[in-house]
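Reviewing the structure listed below.
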Amino acid sequence: MKMMEETISGAIVRSYFKKLENYLSVDVAIVGAGPSGLVAAHDLAKAGYKVAMYESKLAPGGGTWGGGMLMNEVVVQNDAAEILHEFGIRTVPVDDTYHTVDSVEMASGLIFGARKAGAVIFNAVKVEDIAIHNGVVCGVVINWNPVARLEMHVDPIVVTTRALIDGTGHPSEIINKAVNKAGVKIDSPTGGILGEKPMWMEDGERTTVENTKRLYPGLYASGMAANNVQGGFRMGPIFGGMFKSGRKIAQIVMQDLAK
Ligand code: 48F
């Protein structure tokens, strides 16, 4: 007779590897499950695209959990509040323009929303490199994050993708690989990464959305990664620009994939 332990372990192993195998080739790979990536994942999956998200940490959500200085409330503008309401996340008006949001409700609501829309999230998985064939970005190179953190000499595996979104936040890790490792020129004033400027909330919120675009064939950036690439200002615990950036990059990717 099968022991219960065997049944439980078998269910986990079969179920996980089925998921991994099904997602070895995707329409869109999103690196980083922060707010911009989660909104993009939600919109793309809802539109019927096969979306895989890779998050190096155990908990997806990126910079959403901690509010401002660990006070777990964030602020969003009216149009961003509407996006949160689509996810069932509640907001509390501050005045005619701004709302506060419980950052734990926001983080968990965005994650659940992306997942329910059909995006698959691989957590504790780090994207350590990209694949570029004949001038088109076409894959993510993945490994367990604990392997990377322990600096174990273990080769990764590759997932092929039609579009790759860098949602890694401030360091724009994936665009860094494209520019500094692959040596490609991206769509920025210098062809490279300008680097984030200091705090200016109003300008940073606006430019995060403006800076959200396709940077190279098959390669896109959202959120702070997009802003870092184009030299935008940082904005702190206000999140409207992140959601609108995620929504904008999803639209751009959909237009490109439909071509
Ligand atoms: O930084 P992050 O939250 O991304 P975002 O969507 O949002 C920025 C805001 O949170 C905040 C802000 C708003 O005012 O300025 O900072 O731009 O989330 C990025 C996620 O990417 C993961 C990282 O752990 C984080 O959860 N990440 C970074 N590099 C990798 C990665 C990698 N190589 N592979 C997988 N995940």
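The values are calculated or read from the model by the stated rules, or taken from the named source; none is laboratory data. This structure is a prediction, so every number in the text was calculated from the model and none was measured. Because the Cβ atoms are built from the backbone with ideal geometry, glycine has one as well, and the counts that use them run over all protein chains shown. Ligands, DNA and RNA are excluded from the accessible area calculation, which covers all protein heavy atoms including side chains. Shrake-Rupley method; radii C 1.70, N 1.55, O 1.52, S 1.80 Å.
Taking segment 32-48 as the search range and keeping residues that are of a type in the set (A, V, I, L, M) and either within 11 Å of the ligand (Cβ to nearest atom) or assigned to a helix (DSSP H, G or I) (or both), which one is nearest to Ala124 (Cα to Cα)?
For segment 32-48, the residue satisfying everything is Ala33.
Mind counting the residues in segment 152-162 that are within 19 Å of Lys57 (Cα to Cα) and loosely packed, with under 10 Cβ neighbours inside 10 Å?
0
May I ask you to list the residues in segment 216-234 that are within 17 Å of Gln251 (Cα to Cα) and in a strand (DSSP E or B)?
Tyr216, Leu219, Tyr220, Ala221
So which residues in segment 35-48 are more than 20 Å from Gly139 (Cα to Cα) and open to solvent by less than 10 Å² (accessible area, probe 1.4 Å)?
Ser36, Val39
Being open to solvent by less than 30 Å² (accessible area, probe 1.4 Å) and not hydrophobic (A, V, I, L, M, F, W, C) is the filter; apply it to segment 136-146 and report the residue that is farthest from Gly61 (Cα to Cα).
Among those that are open to solvent by less than 30 Å² (accessible area, probe 1.4 Å) and not hydrophobic (A, V, I, L, M, F, W, C), it is Gly139.
Output the residues belonging to segment 201-228 that are more than 15 Å from the chain's Cα centre (by Cα) and either within 13 Å of the ligand (Cβ to nearest atom) or basic (Lys, Arg) (or both).
Met201, Glu202, Asp203, Gly204, Glu205, Arg206, Thr207, Asn211 - these are the residues of segment 201-228 that are more than 15 Å from the chain's Cα centre (by Cα) and either within 13 Å of the ligand (Cβ to nearest atom) or basic (Lys, Arg) (or both).
Can you tell me which residue in segment 96-142 is nearest to Ile174 (Cα to Cα), limited to those that are under 18 Å from the mean Cα position of the chain (by Cα) and among the aromatic types (Phe, Trp, Tyr)?
The qualifying residue nearest to Ile174 (Cα to Cα) is Phe122.
Of the residues that make up segment 49-60, is at least one open to solvent by less than 10 Å² (accessible area, probe 1.4 Å), of a type in the set (Ser, Thr, Tyr) and part of a strand (DSSP E or B)?
Looking for residues that are open to solvent by less than 10 Å² (accessible area, probe 1.4 Å), of a type in the set (Ser, Thr, Tyr) and part of a strand (DSSP E or B), one finds at least one in segment 49-60, hence yes.
What are the residues in segment 194-215 that are open to solvent by less than 50 Å² (accessible area, probe 1.4 Å) and assigned to a loop (DSSP other than H, G, I, E, B), if any?
Result: Gly195, Asn211, Thr212.
Would you tally the residues in segment 1-30 being under 30 Å from Gly236 (Cβ atoms) and open to solvent by 10 Å² or more (accessible area, probe 1.4 Å)?
Selection size over segment 1-30: 0.
If a residue has to be closer than 28 Å to Lys18 by Cβ and outside any strand (DSSP E or B) to count, how many in segment 89-146 make the cut?
Number of matching residues: 16.
What pairs can you find where one residue is in segment 57-71 and under 14 Å from Met242 (Cβ atoms), the other is near the ligand (Cβ under 10 Å from one of its atoms) and of a type in the set (Asp, Glu), and their Cβ atoms are less than 9 Å apart, with a gap of 6+ or different chains?
Matching pairs, first to second residue: Gly61/Glu55; Gly62/Glu55.
Sort through Arg247, Arg149, Arg234 and tell me the only one that's over 14 Å from the mean Cα position of the chain (by Cα) and buried (at least 17 other Cβ atoms within 10 Å of the Cβ).
One residue alone meets the criteria, Arg234.
What are the pairs, 6+ residues apart or on separate chains, where a residue within segment 99-111 that is within 13 Å of Gly88 (Cα to Cα) has its Cβ under 6 Å from a residue that is polar (S, T, N, Q) and buried (at least 24 other Cβ atoms within 10 Å of the Cβ)?
Met106/Thr64; Ala107/Thr64
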